[in-house]
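Bear in mind that the values in this text are calculations on the coordinates, not laboratory data. Quick caveat, the model's predicted, so the values are computed rather than measured. All Cβ positions, even for glycine, are placed from backbone atoms using ideal geometry, and neighbour counts span all protein chains on display.
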Protein chains: 2
Amino acid sequence: MAAAVSTDGQGQEVPNRRVILKRYVTGFPSEDDMEVVTGTARLDVPPGSAAMVVKNLYVSCDPYMRGRMTKHDRPSYVPDFVEGEALVNYGVCKVIASGHPDFKLSDLVWGMTGWEEYTFVPKPESFFKVNHPELPLSYYTGVLGMAGLTAWAGFFDVGKPKKGDYVFVSAASGAVGQLVGQFAKLTDCYVVGSAGSDEKVNLLKSKFGFDEAFNYKKEQDLDAALRRYFPEGIDIYFENVGGRTLEAVLSNMRTHGRIPTCGMISQYNLEEPEGVHNLGEIIVKRVRMEGFLVFEYYGQYHKFEQEMAGYLKEGKINYVEDIANGLEKAPAALIGLFTGRNVGKQLVAIARE
Amino acid sequence: MAAAVSTDGQGQEVPNRRVILKRYVTGFPSEDDMEVVTGTARLDVPPGSAAMVVKNLYVSCDPYMRGRMTKHDRPSYVPDFVEGEALVNYGVCKVIASGHPDFKLSDLVWGMTGWEEYTFVPKPESFFKVNHPELPLSYYTGVLGMAGLTAWAGFFDVGKPKKGDYVFVSAASGAVGQLVGQFAKLTDCYVVGSAGSDEKVNLLKSKFGFDEAFNYKKEQDLDAALRRYFPEGIDIYFENVGGRTLEAVLSNMRTHGRIPTCGMISQYNLEEPEGVHNLGEIIVKRVRMEGFLVFEYYGQYHKFEQEMAGYLKEGKINYVEDIANGLEKAPAALIGLFTGRNVGKQLVAIARE
């Protein structure tokens, strides 16, 4: 399996371990749908090219990746993975070769990279520089990266919170949920989170400052649980899970409630997604349900990064990561998102700097 | 059944035929759930009172009334009807007694009134005056009243149309749908409507200027039909029906599409509403689905009335009514909304002026 290492006039060829998608997935994915193999990588860029080569340090595990593991008939907002090739997702990297004027050797950057040791990046323009290396580098896979910007854009821009709003967050201890809850508290909202274990529920209250939290697996009747926590109803539901949770929430929305719709993780692995039967509530309560995708907010990333770095340094935002060490652990880490195994933001450490 | 007519110092008591709700309804309503009975009415108001008595000329039949025929555990945005009492809904009336400074004898008004010959109105403030008696009076049950304001607010304020948008309207020949389609054409949009008979489909194209129209009952695969009419996808879906139609539409929405959510008539009579299984499309396409209720737009009614009266007089908006003559026909007219029997806006003529 180990590739020969050779050096020629144009640079060095080295072994490159990578996590590939073995086959497209239907239903619940398993570790066996992926495989860790060793290929090779060149550590240089062709003369005159504006490409770069990065060494991958941390890669993020995100629920939306499930969609990319299935072959789609119609193109979606993000391409399907390619069978036999490395998975790709947001990661933090070090530049080890660059022909691009904006990126130089040893720069720390984050962007869409491969689940492998080294990645050739033909268009580095899509990468962001790491402007706060004084904070943990891994944070750029989450709180200072995609998940952070997602929570910030979804809560503030789509959710339009007001002081005193009643806010409910599902998947609340995950990468995005834990931040939404804290943004809600910074906005003087009342916020309740749901999660899938008592450990996570405890974390929500003790670490992230949620006013209340509950283990949805212990609730026979989610509608009744929500009525208990929100006797006045819900102004903002930050939607991460979909299905039956959404149905219970719709019955408990307040007039002019907002549902920033970020993800529906409970549905991604179902061959037949659950139906939502009470969308009439959207009319009766005059609810706005609005989907968003983080890449439309990239233009505001630097504003966000500065604001979030400030919160982190002042201790106004706490952040919990669940780090899998080594590419070999990456398939299990990804699958774990769908069983709720992770506590906090799941990522994979490929290499230390 | 006929009541004695008496006159005393305070005024006249006359027979008053009315349509009452015999019993609360579950599932599909029938004419038998209502009954035409004769009570009495006084044609005066107590001295010093600011109430009025109106003679009802036309009352509107609207799908939302189905909700009021069921007893609800939790209060909704509009009260349930009361067993044994007359149904109430928007109607056009003539003032025959008034203690209110804004309303005088013989004024033509429209507002929430009873399904009966005469109605005592304790709070006339909720009524609007008819400012354009040169147009058919019955129009104030629809195009110049609630349905018109609904179409106008939902399309323009919630839908936020732009020139060139691709617009789909369900229940398109109904009171609201026919107007939405014509607003879309006035905005230089491409508009397709669906309806439940070939006669209605023909009306959409010949009378209301829809670019295309189809009979949804003849389409085996609604998703395929929408792909045929909207190869580029749908920017605005004006939602009147819900259920399977909504599901098919979601698969065909364009990025940043809007769904002004006005009603879900296909679901009102189902004991268990249909589930919608593909709400994930809201995320992928970044769709905004937003419910609205007309009464939040009452403040803009006069602006709307003036604009709409202008369109009607200039022939820019066509309007088709389906008039049932006499209170005896009112129960069948209301039930007919749910079988799609009406062609155009359904109303009941109780008395000519």
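The mean number of Cβ atoms from other chains found within 10 Å of a Cβ in peptide A:287-295 is 6, as a whole number.
At a threshold of 8 angstrom on Cα-Cα distance, excluding pairs fewer than six apart, so keeping six or more, what relative contact order does chain A reach in percent?
So the answer I get is 17 percent.
Placing +1 on the Cβ of every Lys and Arg and -1 on the Cβ of every Asp and Glu, with no other charges, gives the range A:20-149 a dipole of roughly 220 debye about its Cα centre.
Projecting the Cα atoms of A:147, A:181, A:171 onto the dipole axis of the range A:81-190, where Lys and Arg carry +1 and Asp and Glu carry -1 at the beta carbon, places A:181 farthest toward the positive end.
Kirkwood-type hydrodynamic radius, chain B: 21.2 Å, calculated from all non-identical alpha-carbon pairs. Evaluating 6.51 cos²θ - 1.76 cosθ + 1.60 at θ = phi - 60° for every residue in the range B:61-70, the Karplus couplings come out as 9, 10, x, 4, 5, 4, x, 6, 7, 10 Hz, glycine and proline recorded as x. Please give the helix B:177-186 orientation as an angle from the longest Cα principal axis of chain B, in degrees from 0 to 90, rounded to the nearest 10. With both axes taken from Cα atoms, the answer is about 60 degrees.
Stokes-Einstein diffusion for the range A:146-295, with the hydrodynamic radius set to the Kirkwood value over Cα pairs and evaluated at 25 °C in a medium of 0.890 mPa s, equals 164 µm²/s. Summarising the label geometry, the points placed 7 Å from Cα in the beta-carbon direction at residue A:156 and residue A:30 lie 4.5 nm from one another.
Suppose we keep just the DSSP beta bridges with both residues in the protein assembly as shown; what percent of those would be antiparallel, to 5? Walk me through the intermediate numbers first.
Details: 78 of 126 bridges.
Given both bridge residues lie in the protein assembly as shown, the antiparallel proportion sits at roughly 60 percent.
For the range B:7-100, the set of GluC sites (Glu not before Pro) satisfying both a DSSP loop assignment and a count of at most 15 other C-beta atoms within 10 Å is given as B:85. For residue B:112 and residue B:303, the difference between the fully extended length at 0.36 nm per residue and the C-alpha to C-alpha distance is 66.8 nm. Peptide B:265-277 shows a mean partner chain C-beta count of 3 within 10 Å per residue C-beta. Axis of helix A:330-339 versus longest Cα principal axis of chain A: the two differ by about 10°, to the nearest ten degrees. For residue A:40, inter-copy separations between label points set 7 Å beyond Cα along the Cβ vector come to 10.5 nm, shortest first. With R₀ set to 41 Å, the beta-carbon distance separating residue B:352 from residue B:77 gives a calculated FRET efficiency near 0.80. Full extension of the chain between residue B:314 and residue B:295 gives 4.1 nm of extra length, using 0.36 nm per residue less the Cα-Cα distance.
Rounded to the nearest 500, the 222 nm mean residue ellipticity of chain A from helices alone is -5500 deg cm²/dmol, with -39,500 (n - 2.57) taken per DSSP H run of at least 4 residues.
In this Cβ point-charge picture (+1 for Lys and Arg, -1 for Asp and Glu), chain B has a dipole of about 640 debye about its Cα centre. Cross-link pairs exceeding 21 Å between alpha carbons, from the set A:94/A:207; A:285/B:200; B:160/B:303; A:163/A:313; A:185/A:313; A:123/A:313: A:94/A:207; A:285/B:200; A:163/A:313; A:123/A:313.
Highest average first, the peptides A:307-316, B:341-350 ordered by how many other beta carbon atoms sit within 10 Å of their residues are B:341-350, A:307-316.
Projecting the Cα atoms of B:265, B:276, B:301 onto the charge dipole of the range B:218-353, computed from C-beta unit charges around the Cα centre, puts B:301 farthest toward the positive end. Between the C-alpha center of the range B:268-328 and that of the range A:283-316 there is a gap of 32 Å. When both bridge partners sit in chain A, DSSP labels roughly 60% of those beta bridges antiparallel. Chain A residue nearest by beta-carbon to the axis mapping A to B, with distance in Å: A:275, 1. Among B:48, B:280, B:242, the residue with the largest mean-square fluctuation in a Gaussian network model of chain B, with springs joining Cα atoms closer than 10 Å, is B:48. How far is helix A:301-313 tilted off the main Cα axis of chain A, in degrees rounded to 10, range 0 to 90? Roughly 70 degrees, rounded to the nearest 10. Placing +1 on each Lys and Arg Cβ and -1 on each Asp and Glu Cβ, with no other charges, gives the range B:146-295 a dipole about its Cα centre of roughly 460 debye. Shielding by partners for peptide A:251-263, expressed as the average number of C-beta atoms from other protein chains within 10 Å of each residue's C-beta, is 2.
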